[in-house]
Amino acid sequence: MKKRPVVVVTRRLPDVVETRMRELFDTRLNLEDKPLEASELVEAVQSADVLVPTVTDEIDAALLAQAGPNLRLIANFGNGVDHIDVQAALARGITVTNTPGVLTEDTADMTMALIMAVARRLPEGVRVIPEDRWGGWSPTWMLGRRITGKRLGIVGMGRIGQALARRAKAFGLSIHYHNRRRVPQRIEDELEATYWESLDQMLARMDIVSVNCPHTPATYHLLSARRLKLLKPDAIVVNTARGEIIDENALARLIESGDVAGAGLDVFEHEPAVNPRLIKLARQGKVVLLPHMGSATYEGRVDMGEKVIVNIKTFMDGHRPPDRVLPSML
Ligand code: 8YV
């Protein structure tokens with residue numbers, strides 16, 4: 001029998017995914033689900049034919065320099081690959097794959113949920129009854145802001161941006177977007193979307209801004225202090241992409257001073273650490289913070305696992321895996 005590839009999985013995956021991986025490959029699991037320490041990661045890249053990391057593993061050039069000769073594939077469990085030095089991997093002849101497409105709808109749902117949560121003050125509202133603080137209805141109490149009729153500016157009109165736009169349109173929001181490339185006319189028509197070549201110009205006119213682009217060197221602090229200052233004082237910002245795309249400190253400052261109305265954040269610059277200023281603002285009900293839950297559905301995680309398996313299997317059978325990360329995507 002042909003030797004099965006050694007596949008090292010850095011975190012716990014859904015049972016069905018782990019079981020199938022054990023059937024197909026010589027799979028080493030992390031049953032404790034504790035993120036691997038630096039030395040354990042070194043051990044992993046030295047022993048593996050295939051590494052299956054997640055967003056919680058830093059796969060940088062220094063680590064890859066210590067990889068064993070057998071490491072040929074990094075099959076990331078997740079869409080974003082900003083925790084992997086893809087250039088360094090490719091330079092060593094290591095293929096990198098990810099799991100696009102299967103977390104689009106879940107992430108767009110969560111983005112819409114954050115928009116609603118911030119605008120309609122859901123986290124504040126849900127605490128009132130359990131904390132026995134409800135004195136009854138009042139015409140002027142717990143007022144949020146209407147969604148319908150407002151302008152949503154989407155930064156990054158890829159799969160998730162478009163899935164968000166479809167939902168937002170149904171909520172009566174008008175769709176605006178900024179993207180490296182303008183999307184095809186038929187998609188603009190379907191979404192009744194307005195393209196802004198200038199991000200600055202778009203930001204200054206939006207009621208809600210949603211970040212939906214990948215984190216790359218070009219998008220690091222794309223929403224910089226200067227750009228965030230362009231926002232209207234009643235604007236809200238949501239981010240389900242990557243924390244690094246927003247200058248978090250600047251955002252916190254502008255919310256504290258009332259120059260931006262609020263924010264809904266599922267991702268943070270230094271995860272899992274969260275900026276204490278944001279935590280304070282969350283306690284005041286001005287921001288809604290979620291612990292990176294955008295793609296966290298059972299179905300989504302199983303689909304991600306299946307993608308990882310298909311990528312490994314195809315690669316091991318000597319073909320190009322379907323979800324290769326190419327330099328042009330970085
Ligand atoms: C995943 C994500 O949970 O796929 C992504 O890019 O941000 C998350 O939704 C995570 O990356 C798993 O590695």
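The values are calculated or read from the model by the stated rules, or taken from the named source; none is laboratory data. This is a predicted model, so every value here is computed, not measured. Ideal geometry is used to build each Cβ from the backbone, glycine not excepted, and the neighbour counts take in all protein chains shown. Keep in mind that these areas ignore ligands, DNA and RNA; they rest on the heavy atoms of the full protein, side chains included. Shrake-Rupley method; radii C 1.70, N 1.55, O 1.52, S 1.80 Å.
Annotation for Asn249 and Lys280: the two label points, set 7 Å from Cα along the Cα-Cβ direction, are 1.4 nm apart. Entry for the range 1-128 at q = 0.09, 0.12, 0.19, 0.21 Å⁻¹: log10 I(q)/I(0) = -0.34, -0.55, -1.04, -1.20, Debye formula applied to identical alpha-carbon scatterers, no solvent contribution.
Semi-axes of the equivalent ellipsoid of the range 229-330 are 37, 15, 11 Å, computed as sqrt(5λ) over the eigenvalues of the C-alpha gyration tensor in descending order. Annotated for the chain: lysine pairs at least 8 residues apart or interchain, Cα distance under 29 Å, count 20. With all protein chains in place and ligands, DNA and RNA left out, the 1.4 Å accessible area ranks Glu23, Glu124 as Glu23, Glu124, largest first. To put it simply, the accessible area of the range 208-266 at a 1.4 Å probe is 55 percent carbon and sulfur. Rolling a 1.4 Å probe across the protein heavy atoms gives the range 191-306 an accessible surface of 44 Å² per residue.
Ligands, DNA and RNA aside, Val16 has an accessible area near 80 Å² when probed at 1.4 Å. Counting only protein heavy atoms and using a 1.4 Å probe, the accessible area of Val8 comes to about 20 Å². Rounded to two decimals, the Cα radius of gyration of the range 104-289 over 2.2 N^0.38 Å is 1.01.
Compute the helix-to-body angle for 104-119: its Cα long axis versus the longest principal axis of the chain, expressed 0 to 90° and rounded to tens. Helix 104-119 sits roughly 30 degrees off the main axis of the chain.
Translational diffusion of the range 227-284, estimated by Stokes-Einstein from the Kirkwood radius over alpha carbon pairs at 25 °C in a medium of 0.890 mPa s, is 216 µm² per second. Rolling a 1.4 angstrom probe over the range 1-112 with all protein chains present gives an accessible area of which 50% lies on carbon and sulfur atoms.
For the set Ile279, Ile255, solvent exposure ranked by accessible area (probe 1.4 Å, protein chains only) runs largest to smallest as Ile279, Ile255. Its Cα gyration tensor gives the chain an equivalent ellipsoid; the semi-axes, largest first and in whole Å, are 38, 22, 19.
Rolling a 1.4 Å probe over the protein heavy atoms leaves Val287 with an accessible area of roughly 10 Å². Computed extension gain for Glu58 through Ala218, at 0.36 nm per residue and net of the alpha carbon distance, reaches 55.7 nm. Here's how it looks for Leu73: its modeled amide H is under 5 Å from those of Leu51, Thr95, which are all 5 or more places away or on a different chain. Summing Lys and Arg as +1 and Asp and Glu as -1 over all other residues whose Cβ lies under 10 Å from the Cβ of Leu63 gives a net charge of -4.
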